[in-house]
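The values are calculated or read from the model by the stated rules, or taken from the named source; none is laboratory data. On a predicted model such as this, the values are computed, not experimentally measured, just so you know. So basically every Cβ, Gly included, is an ideal-geometry build from the backbone, and we count neighbours across all protein chains shown.
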Amino acid sequence: MSNENMTTPDPNTESGSRVESQTSPRPGSEVVDSDELNRPKTSETVVSSRDLDVFYGDTQALQGIDIEIPKKQVTAMIGPSGCGKSTFLRCINRMNDLIDSCRIEGELKFEAKNVYDSDVDPVALRRRIGMVFQSPNPFPKTIYENVAYGLKIQGKTENMDQKVEDALKSAALWDEVKDRLDESGLDLSGGQQQRLCIARAIAVDPEVILMDEPASALDPVATSQVEDLISDLAEEYTVVIVTHNMQQAARISDKTAVFLTGGELVEFDDTQKVFENPESQRVEDYITGKFG
Amino acid sequence: MATGHDGPTGDWFGNSEQISRLPGKVFAATCLAATLFGIVMVAGLLVYVTKDAIRPLTANPGWFLVFFLTLVVPSTALLAYFGRRRDGEATVALTALGIPFFGLLLGSGVLMLFIDVIGIFEWLAFVAATIVAVGVILGHRRVRGRTSFLEELLVGVVALVGLGPVTYQFISTFPTLPQAWLIYLFTFGLGGAAIAGLLVARRRNDRRAGLTAFTALFVTVTAGVFIDPSTGITPPVWVILFTFAAIPTALYAEGVVRRRQGSLPVGLFFPFVVVAGMLVGAVLVDLLGFAGPQAWLDIQFLTSANSRFPEEAGIYPALIGSILMMVVVAISSFPIGVGAALYLEEYAPSSGPLSVVVKFIEINIANLAGVPSVVYGLLGLALFVNWLDFASGIVVVGGMTVGLLILPIIIISAQEAIRAVPGSLRQASYGMGATRWQTIRRVVLPEALPGILTGSILAFGRAIGETAPLLMIGAAASVFRAPNGFFDIFSAMPRQIYTWVGQPSQEFQYGVMAAGVVTLVTVMISMNAAAILIRNKYERRS
Ligand SMILES: Nc1ncnc2c1ncn2[C@@H]1O[C@H](COP(=O)(O)OP(=O)(O)OP(=O)(O)O)[C@@H](O)[C@H]1O
Ligand SMILES: [Mg+2]
């Protein structure tokens with residue numbers, strides 16, 4: 001992968017980023033209304049990108065993305081279909097490496113280290129950045145084995161029962177499955193399967209959890225369960241979530257990134273600001289449903 | 001909206017047949033006819049051959065009547081009754097009959113290997129080496145917490161390849177050695193009872209139940225050793241057949257009883273009805289003096305060697321030869337085939353210059369699957385006999401040649417199975433931070449295994465019937481004793497059948513040959529049945 005932007009300054013010095021200068025909350029600065037979300041806002045950035053271009057073969061899917069994702073907050077990504085939200089998500093934990101035709105230029109930092117540096121092991125990266133996919137994809141193994149999977153492959157085998165229980169409790173699934181841990185994960189309902197996948201992702205205690213439309217295959221009840229869960233998760237984890245549901249983004253996220261067709265990041269700001277008073281006319285049109 | 005069309009609204013539901021179904025109906029009928037034709041042809045052939053092998057017309061009609069009354073009527077009636085109850089009792093009944101039947105077949109195969117091929121002390125050395133290997137792995141786990149798969153593999157290979165032969169040498173210097181029956185009892189009987197006990201303990205979540213099961217099984221198998229050997233049930237026969245037939249049956253019965261909780265699973269008594277019917281029938285026929293058919297296919301045929309006289313001719317050495325050959329086929333083709341398929345599907349680059357080479361290889365594998373078997377015979381002859389200097393006509397050469405023949409089939413079917421594993425599962429695994437190897441071992445392989453096994457066992461079914469390669473590599477036309485190892489000359493069933501067909505006497509050409517064909521087909525169908533069972537078992541899991 002290309003490292004041509006390696007010489008850019010450390011993002012903690014916060015210089016020169018197009019978007020962040022107006023949006024990134026600084027220590028001590030007034031954070032725009034968050035009382036209903038009631039969680040401490042830190043300004044620390046975990047994931048940041050600078051001038052990130054992504055190509056599939058010859059077609060460009062993302063153009064010069066600059067973003068700074070804050071720690072222990074929920075960042076939502078919205079935008080019309082095909083604008084590159086999933087692509088960006090997959091860049092963060094290098095799942096794009098699995099796609100042969102995918103080429104990445106620019107810089108994407110996780111905790112001040114460019115993840116596309118040649119000395120970064122993508123496997124080690126993915127152990128710190130968990131992922132939940134659009135459609136629930138539990139392994140055809142028992143519920144217990146599903147949650148224990150990450151622990152096993154990462155060799156964290158001490159106290160496994162306890163960790164599995166904790167993960168299932170955090171995913172609000174424990175009460176429903178505690179008596180049937182040795183049944184197949186595929187026997188669960190869709191919403192339960194998705195929470196199982198979330199439990200699987202948090203069992204290994206990652207720092208960031210990426211969610212690609214985690215509620216798109218769920219009914220309203222299961223969706224609201226997953227939404228509640230995401231708000232809880234943000235107390236401990238950084239959550240980046242892709243969604244097509246504006247209300248959902250407005251309800252659960254602290255920050256919102258709007259991608260528009262062509263793979264541009266058009267606006268990135270506090271959720272309330274984006275929804276109530278967007279900078280760009282195109283974003284306003286998109287949010288109010290005039291196009292997209 | 002619905003009546004926007006200006007046609008008459010009265011017959012929108014199609015009663016005037018505007019929508020033609022004719023082509024579809026014709027197509028369905030043609031397909032049905034083709035299927036029936038195929039089935040009838042194959043079944044007809046089998047019935048014809050079986051008729052020659054059994055010669056039912058030579059039997060006294062009374063013989064048939066007796067068995068019809070004692071065996072056929074009661075068991076069919078019972079099955080029909082179970083079938084009408086529609087609570088799965090018929091399945092229980094048939095499974096309870098099938099498990100001991102296949103267990104007996106498998107046990108007989110193992111028994112033959114022990115009588116003719118594997119020395120009892122070699123076996124002891126092998127078991128000892130395995131125990132040491134397992135002990136090392138468990139000990140290491142206790143100290144270090146866990147073992148990697150590679151370490152386990154390494155220990156296993158060292159134990160079998162290095163430790164086994166050394167132990168054998170070591171054992172053979174002992175002045176006194178345990179008696180054969182003790183070795184059988186403590187390797188097969190104890191091992192089988194222990195596995196069953198563990199399974200019961202796990203399924204019931206109850207250690208005491210497991211222990212009870214273990215004790216009951218082990219006491220029974222030990223008691224059986226003291227049966228008078230003149231009945232034909234010698235200790236090895238008893239122990240091996242008990243391990244392969246009785247223990248799985250007992251496990252199955254235990255499972256059914258546990259699931260039914262309370263209500264008695266009457267289906268389990270079906271095998272007793274069948275066996276009792278056979279015994280009563282046999283006794284009655286004997287008392288009434290009704291002669292059975294003078295079948296070519298009988299115990300004598302299965303247990304004796306070929307002979308100049310058709311009445312004395314048998315298939316035993318060729319049967320053993322085929323089993324040994326299949327062992328070599330499986331060992332030489334299965335790991336390589338699955339490995340190649342895994343490489344092509346999971347590792348090989350799908351873009352870039354190397355991907356062209358990979359595509360080329362894949363196309364060639366597909367082509368190799370269609371190369372005639374005679375050509376593979378020639379290849380085996382050139383490769384193994386002329387080039388690698390093996391003796392011609394020995395078991396390994398036959399097995400490896402036929403192994404080469406089915407290798408492309410195994411690769412292709414394994415590739416299909418691996419490709420059928422949903423990509424979302426791989427994504428999930430990689431997303432959790434699994435390496436490629438972890439993903440393959442923990443997600444892809446378990447998921448693809450039923451498919452891989454089904455494809456491979458079907459390929460083995462093809463392999464056991466191959467004749468042309470055996471002709472090319474010089475397998476013996478007929479041998480009079482079973483091969484006593486993998487480097488001994490051998491003949492296989494199809495080769496033996498081919499020899500019989502070429503004999504001048506009619507009895508060989510029709511009778512003995514038919515008996516051989518039925519034996520071969522039975523072995524092959526058993527293998528396919530096993531394939532189907534395995535597939536169903538794993539498919540139900542997910
Ligand atoms: N594996 C791939 N190979 C080639 N092109 C791809 C691949 N994945 C995505 N693309 C292209 O990249 C662009 C962005 O796709 P992406 O999946 O990131 O969109 P998205 O914003 O997640 O859309 P949606 O909301 O529908 O999920 C699209 O034009 C798509 O066609
Ligand atoms: Mg997407």
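For the stretch B:288-299, indicate whether the set of residues that are under 29 Å from the mean Cα position of the chain (by Cα), surrounded by 14 or more Cβ atoms within 10 Å (Cβ to Cβ) and assigned to a helix (DSSP H, G or I) is non-empty. Step through it out loud before you land on a result.
Residues of the stretch B:288-299 that are under 29 Å from the mean Cα position of the chain (by Cα), as a first pass: B:295-299.
This time we only want the ones that are surrounded by 14 or more Cβ atoms within 10 Å (Cβ to Cβ), so: B:295-298.
Next, only the ones that are assigned to a helix (DSSP H, G or I) stay: none.
Checking the stretch B:288-299: not a single residue is under 29 Å from the mean Cα position of the chain (by Cα), surrounded by 14 or more Cβ atoms within 10 Å (Cβ to Cβ) and assigned to a helix (DSSP H, G or I).
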(request) Scan the stretch A:243-263 and report the pairs whose first residue is away from chain B (no Cβ under 14 Å) and whose second residue is within 14 Å of ligand 2 (Cβ to nearest atom) and in a helix (DSSP H, G or I), with Cβ atoms within less than 8 Å and a gap of 6+ or a chain change. (result) A:Phe259/A:Lys85; A:Phe259/A:Phe88; A:Gly263/A:Thr87
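Look at the stretch B:433-478 and say how many of its residues are small (Gly, Ala, Ser), free of Cβ contacts under 8 Å to residues at least 40 places away in the same chain and within 30 Å of A:Thr142 (Cβ to Cβ). Even if it seems obvious, please write down each step before you answer.
Taking the stretch B:433-478 as the starting set, the residues that turn out to be small (Gly, Ala, Ser) are B:433-434, B:448, B:451, B:455-456, B:459, B:461, B:463, B:465, B:468, B:474-478.
If we keep only those that are free of Cβ contacts under 8 Å to residues at least 40 places away in the same chain as well, we get B:433-434, B:448, B:477.
Those still in the list that are within 30 Å of A:Thr142 (Cβ to Cβ) too: B:433-434, B:448.
Adding up the residues that qualify gives 3.
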(message) Just the residues that are over 16 Å from B:Ala414 (Cβ atoms), small (Gly, Ala, Ser) and more than 8 Å from every other protein chain (Cβ to nearest Cβ), please, taken from the stretch B:427-450.
(response) none
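Residue check: is B:Ser526 hydroxyl-bearing (Ser, Thr, Tyr), in a helix (DSSP H, G or I) and crowded, with 22+ Cβ neighbours inside 10 Å? Explain how you work it out, then say what you get.
On the way: hydroxyl-bearing (Ser, Thr, Tyr): yes; in a helix (DSSP H, G or I): yes; crowded, with 22+ Cβ neighbours inside 10 Å: no.
Against the criterion (hydroxyl-bearing (Ser, Thr, Tyr), in a helix (DSSP H, G or I) and crowded, with 22+ Cβ neighbours inside 10 Å), B:Ser526 does not qualify.
Yes/no per residue for (1) of a type outside the set (D, E, K, R); (2) within 19 Å of the chain's Cα centre (by Cα); (3) away from ligand 1 (no atom under 16 Å from the Cβ):
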{"position": "A:Val221", "(1), (2), (3)": "yes, no, yes"}
{"position": "A:Glu227", "(1), (2), (3)": "no, yes, yes"}
{"position": "A:Thr238", "(1), (2), (3)": "yes, yes, yes"}
{"position": "A:His244", "(1), (2), (3)": "yes, yes, no"}
{"position": "A:Phe259", "(1), (2), (3)": "yes, yes, no"}
{"position": "A:Gly263", "(1), (2), (3)": "yes, yes, no"}
{"position": "A:Thr271", "(1), (2), (3)": "yes, yes, yes"}
{"position": "A:Glu279", "(1), (2), (3)": "no, no, yes"}
(request) For the stretch A:93-106, indicate whether the set of residues that are touching a residue at least 24 places away in the same chain (Cβ under 8 Å), in a loop (DSSP other than H, G, I, E, B), at negative phi and away from chain B (no Cβ under 14 Å) is non-empty. (result) no
(request) Test B:Leu378 against the stated conditions and say whether it is surrounded by fewer than 20 Cβ atoms within 10 Å (Cβ to Cβ), modelled with pLDDT of 90 or more and closer than 12 Å to B:Pro469 by Cα. (result) yes
(request) Output the residue which, of all residues in the stretch A:46-95 that are polar (S, T, N, Q) and within 12 Å of ligand 2 (Cβ to nearest atom), is surrounded by the fewest Cβ atoms within 10 Å (Cβ to Cβ). (result) A:Ser81
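From the set of residues in the stretch A:120-136 that are within 11 Å of another protein chain (Cβ to nearest Cβ) and part of a loop (DSSP other than H, G, I, E, B), which is surrounded by the fewest Cβ atoms within 10 Å (Cβ to Cβ)?
Step one: of the stretch A:120-136, the residues within 11 Å of another protein chain (Cβ to nearest Cβ) are A:121-136.
So of that shortlist, the ones also part of a loop (DSSP other than H, G, I, E, B) come out as A:121, A:133-136.
Working: A:Asp121: 12, A:Phe133: 22, A:Gln134: 16, A:Ser135: 15, A:Pro136: 24.
For the stretch A:120-136, the residue satisfying everything is A:Asp121.
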(message) Tell me yes or no: at least one residue of the stretch A:214-235 is closer than 22 Å to B:Ser424 by Cα, within 14 Å of chain B (Cβ to nearest Cβ), at pLDDT 90 or above and within 16 Å of ligand 2 (Cβ to nearest atom).
(response) no
(message) Regarding the stretch B:471-487, can at least one residue be identified that is touching a helix residue (DSSP H, G or I) at 6+ places or on another chain (Cβ under 9 Å), crowded, with 19+ Cβ neighbours inside 10 Å and in a helix (DSSP H, G or I)?
(response) yes
(request) Hey, can you tell me all the residues within the stretch B:401-427 that are surrounded by 24 or more Cβ atoms within 10 Å (Cβ to Cβ) and either under 21 Å from B:Ala382 (Cβ atoms) or touching a Lys or Arg at 6+ places or on another chain (Cβ under 7 Å) (or both)? (result) B:Thr401, B:Val402, B:Gly403, B:Leu405, B:Ile406
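Just to check your reading of the model, which residue among B:Val356, B:Val374, B:Val385 is over 23 Å from B:Leu445 (Cα atoms) and either without any contact (Cβ under 8 Å) to a residue 60 or more places away in the chain or within 14 Å of chain A (Cβ to nearest Cβ) (or both)? Quick ask: steps written out before the conclusion?
Working: B:Val374 fails: either without any contact (Cβ under 8 Å) to a residue 60 or more places away in the chain or within 14 Å of chain A (Cβ to nearest Cβ) (or both); B:Val385 fails: either without any contact (Cβ under 8 Å) to a residue 60 or more places away in the chain or within 14 Å of chain A (Cβ to nearest Cβ) (or both).
Result of the check over B:Val356, B:Val374, B:Val385: B:Val356.
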(request) Determine whether the stretch A:186-197 contains at least one residue that is buried (at least 21 other Cβ atoms within 10 Å of the Cβ), outside any helix (DSSP H, G or I) and of a type outside the set (Lys, Arg). (result) yes
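Would you mind finding the one in B:Leu241, B:Leu198 that is at pLDDT 85 or above and farther than 21 Å from B:Gly98 by Cβ? Write out each step before concluding.
On the way: B:Leu241 fails: farther than 21 Å from B:Gly98 by Cβ.
Of B:Leu241, B:Leu198, the one residue that is at pLDDT 85 or above and farther than 21 Å from B:Gly98 by Cβ is B:Leu198.
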(message) When you check A:Asp117 against the structure, is it within 14 Å of chain B (Cβ to nearest Cβ), acidic (Asp, Glu), more than 10 Å from ligand 1 (Cβ to nearest atom) and surrounded by fewer than 22 Cβ atoms within 10 Å (Cβ to Cβ), yes or no?
(response) no
(request) Give the residues of the stretch B:23-42 that are surrounded by 10 or more Cβ atoms within 10 Å (Cβ to Cβ) and either touching an Asp or Glu at 6+ places or on another chain (Cβ under 9 Å) or modelled with pLDDT under 90 (or both), sorted by residue number. (result) B:Val42
(request) Scan the stretch A:158-205 for residues that are touching a strand residue (DSSP E or B) at 6+ places or on another chain (Cβ under 9 Å), within 12 Å of chain B (Cβ to nearest Cβ) and more than 17 Å from A:Val132 (Cβ to Cβ) and jot them down. (result) A:Asp182, A:Glu183, A:Ser184
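Wholly within the stretch B:128-232, which helices (runs of 4 or more DSSP H) include no fewer than the required count, namely at least 2 residues that are surrounded by 13 or more Cβ atoms within 10 Å (Cβ to Cβ) and of a type in the set (Phe, Trp, Tyr)? Give the steps one after another, and end with the answer.
On the way: elements: B:149-157, B:164-171, B:180-184, B:190-204, B:207-224.
In the stretch B:128-232, the matching helices (runs of 4 or more DSSP H) lie at B:180-184, B:207-224.
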(request) Pairs only if they're at least six apart or on different chains, beta carbon under 7 angstrom, first in the stretch A:60-89 and away from chain B (no Cβ under 14 Å), second within 15 Å of ligand 1 (Cβ to nearest atom) and charged (D, E, K, R); list them, first residue then second. (result) A:Gln60/A:Asp53; A:Leu62/A:Asp53; A:Gln63/A:Asp53; A:Gln63/A:Glu264; A:Gly64/A:Asp53; A:Met77/A:Lys85; A:Gly79/A:Lys85
(message) Take the conditions surrounded by fewer than 23 Cβ atoms within 10 Å (Cβ to Cβ) and within 16 Å of ligand 1 (Cβ to nearest atom) and apply them to A:Arg103. Does it pass?
(response) yes
(request) Determine whether the stretch A:98-110 contains at least one residue that is more than 16 Å from ligand 2 (Cβ to nearest atom) and aliphatic (A, V, I, L, M). (result) yes
(message) I'm told A:Phe139 meets every condition in (1) within 8 Å of chain B (Cβ to nearest Cβ); (2) surrounded by fewer than 23 Cβ atoms within 10 Å (Cβ to Cβ); (3) not small (Gly, Ala, Ser) except one. Can you identify the failing condition by its number?
(response) (2)
